[in-house]
Amino acid sequence: MISPPETFGSYGAWLGAFKRAFYNAYSDARDSVAGQGGPPRAVPGFHVCLAGGRTPAPLYSALAADPDLAALSESLGLHVWVGDERQVDQDSLLRNSRMIELAFGPAGSWPRPPVIHPWPSGEADAACASYLAEIRAALGPGPPGFDLEVLGLGSDGHTAGIFSLDSLGGHGACAPTWAPSEPRSRMSLFPPILASAPYILVPVRGPDKAPILAELSAGLDCPFARVLGSRGRILYLPEPEGRTA
Ligand code: 6PG
């Protein structure tokens, strides 16, 4: 059963909750590393894995414009990974990595800019293998896990690039998948790497997501429910995209 969604009455309140949660997780990680705590990492940092799609783009832009995060990054670098990718041209705006790179572009002026780790280009199996190796090299030597994840919720109950329950079984931690709508060829991280973070945020927006939220609250079994369980915070803004005030 999913955790009860938190519903917000304005874009500002929704954004504020998201930014506060992100800042608090980042600050906790910085304090933990400063106190010699935290997982042993080949690449020290605050490693976040982000969702693609349309909903989170303005939230990522707001993070990139946040001076408090810029200040945090001076003591612990921000590393941005992608939870799933579409098999489209590298510079297509449908590419999640491209959307994330554009959203975080203004953070290039931070004293210590975020390091974006885009999904590798090329043939799907090779790109997945290469990305998984990069994740393991950076987050190892222990079992790789992110510090914070942003996951999305599709109207059909998918999350990341996981669209069917049977695709959850037997896959490795990173593999090509198939979506029922364009772009159909996808690539996705899977549990245990996906949804292993101590902080998981699920920004959901628009009246079209109300039905799936109701079905999930009634116990719907779907990839989102299997991957997330009762973990994470679902931040729901009923109003449609477009308004940013
Ligand atoms: C993707 C995403 C996907 C997304 C949901 C919700 O590649 O599309 O990773 O899992 O989060 O489909 O998308 P919207 O935010 O556009 O509704």
- Message: With a 1.4 Å probe and all protein chains left in place, how much of the accessible area of the chain comes from carbon and sulfur atoms, in whole percent?
- Response: 56 percent
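For region 1-110, divide the Cα radius of gyration by the Kirkwood radius and give the resulting Rg/Rh value with two decimals.
Details: Rg = 15.2 Å, Rh = 15.4 Å.
Looking at region 1-110, the ratio lands at 0.99.
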- Summing -39500 (n - 2.57) over every DSSP H run of at least 4 in the chain, dividing by its residue total and rounding to the nearest 500, the 222 nm mean residue ellipticity is -10000 deg cm²/dmol
- Note on the structure: The Kirkwood hydrodynamic radius of region 141-245, taken as the inverse of the mean 1/r over all distinct Cα pairs, in Å, comes to 14.5 Å
- Within the set GLY83, GLY142, GLY53, GNM on the chain using Cα springs under 10 Å gives the largest fluctuation to GLY142
- Note on the structure: In vacuo Debye sum over C-alpha of the chain, base-10 log of normalised intensity I(q)/I(0) at q = 0.08, 0.09, 0.10 Å⁻¹, listed in q order, is -0.28, -0.35, -0.44
- Message: Compute the distance from the alpha-carbon center of region 100-145 to that of region 172-245, in whole Å.
- Response: 20 Å
- Task: Quick one: among SER181, SER121, SER97, which has the greatest mean-square fluctuation in a GNM of the chain with alpha-carbon springs under 10 angstrom?
- Result: SER181
- Can you pull a Stokes-Einstein diffusion coefficient for region 128-197 at 25 °C (0.890 mPa s), Rh from Kirkwood over Cα pairs, as a whole number of µm²/s? 192 µm²/s
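Over the chain, what is the relative contact order in whole percent, taking alpha-carbon pairs under 8 Å and six or more residues apart? Before the final figure, lay out the partial values.
Details: 461 pairs, mean separation 69.0, N = 245.
Computed value for the chain: 28 percent relative contact order.
The values are calculated or read from the model by the stated rules, or taken from the named source; none is laboratory data. Please read these numbers as outputs of a predicted model, since none were measured by experiment. Ligands, DNA and RNA are stripped out before the accessible areas are found, and what is left, the full protein with its side chains, is counted by its heavy atoms. Shrake-Rupley method; radii C 1.70, N 1.55, O 1.52, S 1.80 Å.
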